[in-house]
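Structure, as structure tokens:
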Amino acid sequence: MVGLLGVLVVFATATAFKAAQTVVVPLMIAWLLSYICGPVVNYLVGKKIPLGLAVFAVLILLLFVFYLGGIFLIGRVQSFVGEYPVYATKLQTIHNDLMYNLSEKMSIPDGTFTNINWMQEIGRWLVAASGSLASFAGNMVMVLIFLVFMLLGKPYFKYKVAKAFPPDRASLFTEVTTSISRQIGQYLTVKVAISGTTGVLVWLSLTLLKVEFALTWGALAFFLNFIPSIGSILASVPPILLSIVQFYPSGWMPVLVAVVLLSIQMGMGNVIEPKIMGESLNLSPVIILLSLILFGWMWGIVGALLSVPIAATIKIVCENIEGLKPISVLMGSGKTCMKEVQEN
């Protein structure tokens, strides 16, 4: 009965968050960014720089990063728009060749398959992508607004705790929250570094293989690397499909592109990342799957990108609160527990 009630509470909460995603998604992004920007603000305040000026400096830096990101996105879209008639023609050729081979070699009557106008299909996709970019830009404005207010309150948090609780409880509460903030900040920083390295490797590899839009696929690998397991697969599919069209009728180059991309993704995800992260933040595959389903259903692709950082944050919080440690253990991959049991 208690378990069923818990499921109903989770479902009701998820439904509410889904309905309020216009506000909640920017708030969650700002909350995660605050763990990266917060230490910078605290450092500047510690150097006797006024809080407002410190937050303003961090805000200017973020605006500069967003500006560069916007210029990058606009440039990628423009370059693709310039080339899309060529690729639409190639796709039409591949489609026609495939239909001809099916009808000749497998004796399938003409007209069995629907003819596709690839010029129109790609144009429709570009219009949808433009709308998504405009929505994303609007969300970034809300993210910055939320982030400013969060950063303005961060330096005073420990003083409010000291005033609100008795000395012993205030000390314990400060210790726990400091540990949580440090671990979340380290996790997000390392994840950004690993994702950035993956994106650079993908970009350089595709550039050497002369696959077009290599920089775009590198950026895609950076963002989708935040989604474990399936993120690397999703990031590899577009450049592989493009290489099939680009190098048609040759089949060796797409195979080489697939091998190189999957090698990078597996090497970074299965070798480098576990060594840097350690075992403490490893999440159970079931938790990862449930997080992807839940947050993807709630907030779409943005929810899928945020799902694992949010799950890792929940695990860190539970790990630092005595009564919730069993939940943290159950959310983990179990590798550390297995080693401890075997050693004992």
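The values are calculated or read from the model by the stated rules, or taken from the named source; none is laboratory data. These numbers come from a predicted model, not from an experiment. Please note: Cβ atoms are built from the backbone with ideal geometry, for glycine as well, and neighbour counts cover all protein chains shown.
Out of all the residues in segment 163-172, which are surrounded by 11 or more Cβ atoms within 10 Å (Cβ to Cβ) and either assigned by TED's automatic domain parsing to the domain that holds Leu62 or outside any helix (DSSP H, G or I) (or both)?
The one that is surrounded by 11 or more Cβ atoms within 10 Å (Cβ to Cβ) and either assigned by TED's automatic domain parsing to the domain that holds Leu62 or outside any helix (DSSP H, G or I) (or both): Phe165.
Out of all the residues in segment 146-158, which are at pLDDT 80 or above and exposed (fewer than 14 other Cβ atoms within 10 Å of the Cβ)?
Across segment 146-158, the qualifying residues are Phe149, Gly153.
Going by the conditions given, is Phe226 within 28 Å of Ile293 (Cβ to Cβ), out of contact with any Leu (no Cβ under 7 Å at 6 or more places or on another chain) and not aliphatic (A, V, I, L, M)? Give the steps one after another, and end with the answer.
On the way: within 28 Å of Ile293 (Cβ to Cβ): yes; out of contact with any Leu (no Cβ under 7 Å at 6 or more places or on another chain): no; not aliphatic (A, V, I, L, M): yes.
Criteria not met by Phe226.
Being modelled with pLDDT under 85, within 24 Å of Ala312 (Cβ to Cβ) and touching a Pro at 6+ places or on another chain (Cβ under 9 Å) narrows it down to one of Leu172, Leu224, Leu188, so name that one.
On the way: Leu172 fails: touching a Pro at 6+ places or on another chain (Cβ under 9 Å); Leu224 fails: touching a Pro at 6+ places or on another chain (Cβ under 9 Å).
Going through Leu172, Leu224, Leu188 in turn, the sole match is Leu188.
Filter segment 172-227 for residues that are touching a Lys or Arg at 6+ places or on another chain (Cβ under 9 Å) and closer than 18 Å to Glu83 by Cβ and give the result.
Selection gives Phe213, Leu215, Thr216, Ala219.
Answer with yes or no whether Val202 is modelled with pLDDT of 85 or more, within 24 Å of Arg76 (Cα to Cα), assigned to a loop (DSSP other than H, G, I, E, B) and touching a Ser or Thr at 6+ places or on another chain (Cβ under 9 Å).
For Val202, the condition - modelled with pLDDT of 85 or more, within 24 Å of Arg76 (Cα to Cα), assigned to a loop (DSSP other than H, G, I, E, B) and touching a Ser or Thr at 6+ places or on another chain (Cβ under 9 Å) - is not met.
Being under 21 Å from Ala193 (Cβ atoms), out of contact with any Gly (no Cβ under 7 Å at 6 or more places or on another chain) and in a loop (DSSP other than H, G, I, E, B) is the filter here, so list the residues in segment 205-227 that pass it.
Phe226, Ile227
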